[in-house]
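Asker: Here you go, one structure.
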Amino acid sequence: MSAPRRVVVTEFGETPDSAIEACTRLEPMTPPDPATLGPADVLVEIRSASVGWVDLLMTSGQYQHMPQPPYTPGLEYAGVVAWAGSEAATRLRPGDRVLVDGFVAGPRSHGEYQRYGGFATHAVAPAAAVLAIPGDLDFDQACNLLGNYETAYHCLIARGRVQAGEIVLIPGASGSTGLAAVQVCKRLGATVIATGRSAAKLAVVQAQGADHVIDTAALAASGGTLRDAVKTLTGGRGVDVVHDGVGGDVSLECLRCLRFGGRFLIVGWAGTPLVARGKGQRGAPNANQLPTNLIMMKGVDVLGCPTVISTVNDPSIRPARQAQVLAWAAAGDIRPYVSHRFGLDDYREAMRAKWRGDVVGGCVLHP
Ligand SMILES: NC(=O)c1ccc[n+]([C@@H]2O[C@H](COP(=O)([O-])OP(=O)(O)OC[C@H]3O[C@@H](n4cnc5c(N)ncnc54)[C@H](OP(=O)(O)O)[C@@H]3O)[C@@H](O)[C@H]2O)c1
């Protein structure tokens, strides 16, 4: 174990780019003393922390939930139990391999555990947030499980009602949420058409289960359109569902690929990330817009799919979703893919790589 350290976001930046360079630092930390912790607390030695999209948006206060700086980023992390309080010890023992639920602990939570993020050697979480790593997932895979796959479940199953035999179009399929959606679609028996701008990344997406891949950069260079390419693959009919995590022009192109009566799932806008004002100011002057004429004439159901906000509104939707994700992972039916790994000293390079879109699936730090 290296010397105890943590990354700190000192204040919100104007954008994640500027926040990474000017508003973060790596500093020594004093590991929490078990004598000061409560009976339900768990001290975790962190082995791997996911560098996620939300971690980046949070550094500029452009995410809906704003922890109070200074805070340590890292919504999701995995490691080993170093110490468990008397109540936690009924289920957890030192040395157990665990993942920590970013819905309950860490910078996206409320209350006393918010300051313990995953970009650190140690964190404290309540026992309710500390779960055994399912199946044979390694630490890198474990910290990329809940957020990505619960999002895929919420979007595709709870909101999209995807059925076996349906065809789902997934732009940005090489991303964390996109690749999870590819794997969940295959569990559901759906056919996946995945798009992206890099042949190398799409090769991984295909190896991860996509039935068809379309390189939109090559398509544009040859003068083709996404609608025509998708029509060719679907016998002229169009897809049943679009899972859109990219936004901008990509949304419009995908809307044109839907069959009459199809469903359009708004998952995110990685292609137009600066929708909200920076520095934690509220308001979204750069929000994406969809054309009502196409939605009307194609009889499309447009479905907003905010996983966390929906769960806060109705917590009853979570237990079955989380249980299914853990069961799939335990059985080896889903497995997060991680393309990039960095040490804590290189946390800035890890955040830049994620923000630039170099990553396929997950990007992790090894504290
Ligand atoms: N609904 C929810 O509950 C929920 C939960 C988590 C995240 N999200 C949102 O989902 C979005 C994606 O997150 P993520 O973690 O999957 O991000 P990610 O890992 O960076 O993946 C996004 C993908 O989008 C593609 N892309 C990026 N910029 C693009 C552009 N200008 N044009 C076309 N394609 C572009 C990239 O693929 P190529 O380079 O291959 O084109 C990239 O791999 C974010 O907006 C995030 O906030 C939503």
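Asker: Using 0.36 nm times the number of residues separating GLN68 and ASP346, minus their current alpha carbon distance, what extension gain do you get? Mind dumping the intermediate values first?
Answerer: Numbers: separation 278, 0.36 × 278 = 100.08 nm, distance 2.39 nm.
Contour length minus Cα-Cα distance gives 97.7 nm.
Asker: Something else now. Please determine, in degrees from 0 to 90 and to the nearest 10, the orientation of helix 176-188 with respect to the longest principal axis defined by the Cα atoms of the chain, where the helix direction is its Cα long axis.
Answerer: That helix lies at roughly 70 degrees to the long axis.
Asker: Sort by residue number and report every cysteine in the chain with no other cysteine beta carbon within a distance under 4.7 Å.
Answerer: Within the chain, the cysteines lacking a partner Cβ under 4.7 Å are CYS23, CYS143, CYS185, CYS254, CYS257, CYS363.
Asker: When we measure straight from the Cα of LYS354, which lysines land under 22 angstrom away, once same-chain ones fewer than 8 places off are left out?
Answerer: LYS201, LYS279
Asker: Under a GNM of the chain (C-alpha, springs under 10 Å), which listed residue has the highest mean-square fluctuation: GLY135, GLY196, GLY147?
Answerer: Judging by the Gaussian network model, the answer is GLY135.
Asker: Mind listing the Cα extents of the stretch 1-143 along all three principal axes, in Å, largest one first?
Answerer: Principal extents (largest minus smallest coordinate, Cα): 45, 33, 29 Å.
Asker: If the only charges are +1 at each Lys and Arg Cβ and -1 at each Asp and Glu Cβ, what is the size of the charge dipole of the stretch 231-367 around the Cα centre, to the nearest 20 debye?
Answerer: Details: 17 positive and 11 negative charges, 39 e Å.
For this selection, approximately 180 debye.
Asker: Relative to a virtual label point 7 Å from the Cα of ALA40 in the Cα→beta-carbon direction, which members of the stretch 106-142 show backbone nitrogen distances below 15 Å?
Answerer: Zone members listed by number: 106, 110-114, 125-131.
Asker: Using just the alpha carbons, could you tell me how many Å³ per residue the convex hull of the stretch 64-193 encloses?
Answerer: So the per-residue hull volume is 135 Å³.
Asker: Give the percent of DSSP beta bridges with both residues in the chain that are antiparallel, rounded to the nearest 5.
Answerer: Values: 29 of 53 bridges.
Given both bridge residues lie in the chain, the antiparallel proportion sits at roughly 55 percent.
Asker: Can you give the Rg to Rh ratio for the chain, taking only C-alpha atoms and Rh from Kirkwood?
Answerer: 0.98
Asker: Sticking with this one: Over 26 Å apart: what share of the alpha carbon pairs of the stretch 147-310 falls there, rounded to a whole percent?
Answerer: 22
Asker: Is any residue of the stretch 123-149 close enough, with backbone N under 14 Å, to a label point placed 7 angstrom from the Cα of ALA330 along the Cα-Cβ axis, and if so, which?
Answerer: Counting backbone N atoms under 14 Å from the label point, the list is 131-137.
Asker: Next question. Roughly what would the spin-label model give for ALA323 and GLU27, points 7 Å off Cα along C-beta, in nm?
Answerer: So the label points at ALA323 and GLU27 sit 4.3 nm apart.
Asker: Find how many whole Å separate the alpha carbon centroid of the stretch 1-44 from the alpha carbon centroid of the stretch 309-367.
Answerer: Comparing the Cα centres of the stretch 309-367 and the stretch 1-44, I get a distance of 19 Å.
Asker: Got the relative contact order for the chain handy, in percent, Cα pairs under 8 Å and 6 or more residues apart?
Answerer: 18
Asker: Who wins for biggest fluctuation among VAL182, VAL162, VAL100 in a Gaussian network model of the chain, springs between alpha carbons below 10 Å?
Answerer: With Cα springs under 10 Å in the chain, the top fluctuation among VAL182, VAL162, VAL100 is at VAL162.
Asker: Then there's this: Can you tell me the length gained on complete extension of the stretch LEU294 to ARG237, counting 0.36 nm per residue apart and subtracting the Cα distance? The partial results should precede the final answer.
Answerer: Working: separation 57, 0.36 × 57 = 20.52 nm, distance 1.58 nm.
Gain on extension, LEU294 to ARG237, equals 18.9 nm.
Asker: Over the stretch 208-310, what is the relative contact order in percent, taking alpha-carbon pairs closer than 8 angstrom and at least six residues apart? All intermediate terms of the calculation are to be shown ahead of the outcome.
Answerer: Values: 133 pairs, mean separation 24.2, N = 103.
Dividing the mean separation by the residue count of the stretch 208-310 yields 24 percent.
Asker: When the chain is treated as a GNM, springs tying every alpha-carbon pair under 10 Å, which of PRO70, PRO285, PRO16 comes out with the largest mean-square fluctuation?
Answerer: PRO285
Here, each number is a calculation from the coordinates, and none is a lab measurement. Note that this is a predicted model, so its numbers are computed, not measured. Neighbour counts run over all protein chains shown; Cβ positions are idealised from the backbone, glycine included.
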